[in-house]
Structure formats: C-alpha cells, structure tokens
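One structure is given here, and the rest of the page talks about it.
The values are calculated or read from the model by the stated rules, or taken from the named source; none is laboratory data. Note that the coordinates shown come from a computational prediction; the quantities given were computed from them, not determined experimentally. Backbone-built Cβ (ideal geometry, glycine too); neighbour counts: all protein chains shown.
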C-alpha cells in the first residue's frame, strides 16, 4: 500500500557554480517541499529535474546544454518528466533555452523561485513557463532552507543578494540584480534553528557580504534616501557579525565573499574580538596592476589593497588570506602580469582561485574590450600564477608544523577511512588519525607534516 509520501512527485536539483547557488537550491527545495514534492537523489526516476546554473566561468553554457541533452532518453521514456533551468544562466539565456532546447519546460531566474509552483501548474496545462524578473526586495528571508546533502555540521546562511560593483568582467549585477540585504531578525532566526538542529558552523554568504546594510529593507543604493531614523538604526556587516558571534558563542562563524573596497576596520576588530569567528578572509584582488584594475572597474588600487593587507596582519596576526585572480584580461601586458606576481609575493596568500579570462556575453568587458591576449599567453601566465601560489601555500602550511590547531571534524578523509578531516580557523584542511571522536567535534590537533593544500596531524 502506498503512503502519502510515496504519492508525492519526486524532484532532483543539480547545482552548478558558487556557494550562493547551493544556498539557493536549498531555498528552492523548501518551496517544492511545501508544495507537495519530495526531494530525491535519483534523477532517473524523478518527475522534475532542475538545473541550477552559473554563468561565471568559461564553457558553463556548453556544460548545461550537454547535461540537458543527456536527459533526452529520460524524456522519451517518461513523457510526464518536467525539466527546468534555474539561476544566472536562466536569466541570461531564457529565449535560447526555450527555443533551442525543446525539452526545457520552465526557466526561472534567481529572484523568482517563489513562483515555481505557479510555473509548474502552467507547464501541466501545456505552456512553457518563464519568470526571470529581477526584484528590488527579494531575499527569501522568511523561507527556512531545506538542507540538501547536509553533513549536519556546516550550513550556509545567505545575508545579501545581488551586487552593485559592476566589475566589467562579471555577470552578477545583470543576473542577480542590485544589492539588497536580509532582515537581521530572519538571519538570527535561521541560525537559531541551525543551532537547535546541532549544527556547529555557519558560513554567511553573499556576492559581497561586507557590503551588508539593513535599514528596513530595499536596495543598498537607495540608502541615501532613507530617513534619519533609518540611518541611525541601520545595521552594518560589522554590527551583524558582532551580533551573531555574541548570541551564538558555540557556533563557529565564517563569511564569504568580501570586496576589498568594502572591508572595514570595524569588521577586522570584530573578528579579532570573537574567538568563534574564523580567522580567514577571502579577499579577491583579480590583478596586481592598477591599469588592469581600472579596466575591470575595480574600486581599489594596489596600494590600497596592500594597506588593507597590512591592516589585517596587524589586527588579526594569525588570519588566513585567500584570493581570486584573473589572468589574460584584455590589454594585459607582460609587465601587468609581473605586477600580479609581485603582489602575490608581497601577500603570500594561503590559497586562491585562479582563472584565465573568458568573455561573458552581456558584460561591459565583452561589449567594449577586445579579448586580445592570445590563449597560449593566457595559459602560460595562469601556470606561473598557479606555480607561485603552490609555493606560497606549501611554505605557509609548513609554518603550522609543530603547532596545535582547533579542527572541526567534518567527515572521513577521502583517501583513507582511518582518518578524519576538517578545517582549522584559517580554512585549511587538516587530516588526522581517527580516535574516539565523531563528526561535529572540535578537536585540538598537533600538526606534524604538510602538503601544499593539507595539514597532517595527530590528536
């Protein structure tokens, strides 16, 4: 006999891209669960397959199209199967997906997830369904995310959406809209729920978390029109961070991603003040050349960036720092590339994310700048950046040998079931032999060896 649960339609969400996308998938999952659907990891037998897409990296569109093509047989086998495209790519390529990928039934942008149940009803009566409208106030703050594939230890908490920075290489302002912040009461409520469910760590998410500003709702750019009372009672990221750390002392707190222009000394002082805020800042620089930063429309100079690094080292001496770097941006010369290497040698980052520039249709760089650095040169420069970063990572991690780290156990090591793995405060992975511990435990680990990516220790 079938139960009520057995009668529910099953859905599978396949997520690509950044942590924000994974967080959004949890919001979508919650919406579907509340509307009579049941989550499933088995996409072959699902009634609904949703691809949550990203437009940031090269060949992202090709990846999604290949994935869609792989569903052809499923569609033929099950005529009731519905397939949807969500996220950044949905907003940018809505017509393409509907016209060229005949199997796509619904296309939903990042601000329209509440409309998915209505769109599915449209699909049921034979209509293609599209909603890619960007919102001025949508934050999904009132929705309790359904934690997908959760380890029950670490969870994402989204606090901002969109971005106002308009970097010329980036699609985010066009696919996710302008910056708006989430009501702090809803943030506190979500974290409280996670604490009660036994989670040990949260990561505050946003395209630009340190730009968080709550003054009662609305776009950040409209703050200048706020009342005097709204301005006086507004909540910045440093105040939010202090509030969370004070009220949830048993939870370890991370945040990502930060923009150099918005990282304030107040945030650094709050990080130094609270033991439960992890000592790691992801601080994308993108290039070591002021010329290239100007072409990218980045709002910081290299000297300003170095001053910020010096300030971090002074206020939080043990802080880990990571980066994003794009090489081969239009008009990047060999001298510009050397300036990037010089900056890396100045900072000596713990780790980073390194990419070759690839044009993203619709961005200002795509419209106004020629992609004029040959592919061979891009690859050469990228390899030099990777090699230098591996050298710095290895040397930085070597400094941990002989010290003790507080490590939050996340899971078994992929390489050996006899070892636990987890991250220290600086976001570095640590592996060590199993003893009488379990995932979720905070353990003091003596570091005895290292690679360029991992610390090896014993508890």
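Scanning region 111-123 for residues that are without any contact (Cβ under 8 Å) to a residue 40 or more places away in the chain, closer than 18 Å to residue 34 by Cβ and part of a helix (DSSP H, G or I) yields 115, 118, 119, 121.
Filter region 202-234 for residues that are farther than 22 Å from residue 136 by Cα and in contact with a helix residue (DSSP H, G or I) (Cβ under 9 Å, 6 or more places away or on another chain); which is surrounded by the fewest Cβ atoms within 10 Å (Cβ to Cβ)?
Looking only at region 202-234, we keep the residues that are farther than 22 Å from residue 136 by Cα, and these are 202-203, 232.
Going one step further and asking which of them are in contact with a helix residue (DSSP H, G or I) (Cβ under 9 Å, 6 or more places away or on another chain), we end up with 202-203.
Numbers: 202: 22, 203: 19.
Per the stated criteria, the residue is 203.
Output the residue which, of all residues in region 296-313 that are in contact with a strand residue (DSSP E or B) (Cβ under 9 Å, 6 or more places away or on another chain) and in a loop (DSSP other than H, G, I, E, B), is nearest to residue 369 (Cα to Cα).
In this case the residue turns out to be 296.
From the list 93, 48, which one is more than 30 Å from residue 209 (Cα to Cα) and under 26 Å from the mean Cα position of the chain (by Cα)?
Details: 93 fails: more than 30 Å from residue 209 (Cα to Cα).
So the residue among 93, 48 that is more than 30 Å from residue 209 (Cα to Cα) and under 26 Å from the mean Cα position of the chain (by Cα) is 48.
Helices (runs of 4 or more DSSP H) fully within region 1-110 that include at least 3 residues being at negative phi and either at pLDDT 90 or above or surrounded by fewer than 22 Cβ atoms within 10 Å (Cβ to Cβ) (or both): 19-33, 60-69, 72-77, 94-100. When 415, 434 are checked against the criterion of being over 22 Å from residue 322 (Cβ atoms) and over 27 Å from the mean Cα position of the chain (by Cα), 434 stands alone in meeting it.
Of the residues making up region 183-190, one or more are at negative phi and surrounded by 19 or more Cβ atoms within 10 Å (Cβ to Cβ).
Test residue 329 against the criterion of being farther than 29 Å from residue 215 by Cβ, touching a residue at least 40 places away in the same chain (Cβ under 8 Å) and touching a helix residue (DSSP H, G or I) at 6+ places or on another chain (Cβ under 6 Å), and give yes or no. Yes. May I ask you to verify whether residue 237 is surrounded by 20 or more Cβ atoms within 10 Å (Cβ to Cβ), within 20 Å of residue 182 (Cα to Cα) and in contact with a strand residue (DSSP E or B) (Cβ under 7 Å, 6 or more places away or on another chain)? Answer is no for this residue.
Each row is one residue, and each column tells you yes or no for (1) within 30 Å of residue 217 (Cα to Cα); (2) assigned by TED's automatic domain parsing to the domain that holds residue 38.
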| residue | (1), (2) |
| --- | --- |
| 93 | yes, yes |
| 97 | no, yes |
| 116 | yes, yes |
| 120 | yes, yes |
| 136 | yes, no |
| 148 | yes, no |
| 169 | yes, no |
| 175 | yes, no |
| 183 | yes, no |
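Answer with yes or no whether residue 406 is modelled with pLDDT of 95 or more and more than 22 Å from the chain's Cα centre (by Cα). Criteria met by residue 406. Picking from 246, 193, 203, which residue would you name as being over 22 Å from the mean Cα position of the chain (by Cα) and either modelled with pLDDT of 95 or more or within 27 Å of residue 89 (Cβ to Cβ) (or both)? Unique residue meeting the criteria: 246.
State yes or no: is residue 242 within 25 Å of residue 194 (Cα to Cα), surrounded by 15 or more Cβ atoms within 10 Å (Cβ to Cβ) and touching a helix residue (DSSP H, G or I) at 6+ places or on another chain (Cβ under 8 Å)? Show your work before the answer.
On the way: within 25 Å of residue 194 (Cα to Cα): yes; surrounded by 15 or more Cβ atoms within 10 Å (Cβ to Cβ): yes; touching a helix residue (DSSP H, G or I) at 6+ places or on another chain (Cβ under 8 Å): yes.
Criteria met by residue 242.
Of the residues that make up region 175-183, is at least one at pLDDT below 95 and in a helix (DSSP H, G or I)? Yes, some residue in region 175-183 is at pLDDT below 95 and in a helix (DSSP H, G or I). Being touching a strand residue (DSSP E or B) at 6+ places or on another chain (Cβ under 6 Å), at positive phi and not assigned by TED's automatic domain parsing to the domain that holds residue 199 is a property that residue 126 lacks. With respect to the stated conditions, residue 447 is farther than 30 Å from residue 331 by Cα, in a strand (DSSP E or B) and in contact with a helix residue (DSSP H, G or I) (Cβ under 9 Å, 6 or more places away or on another chain).
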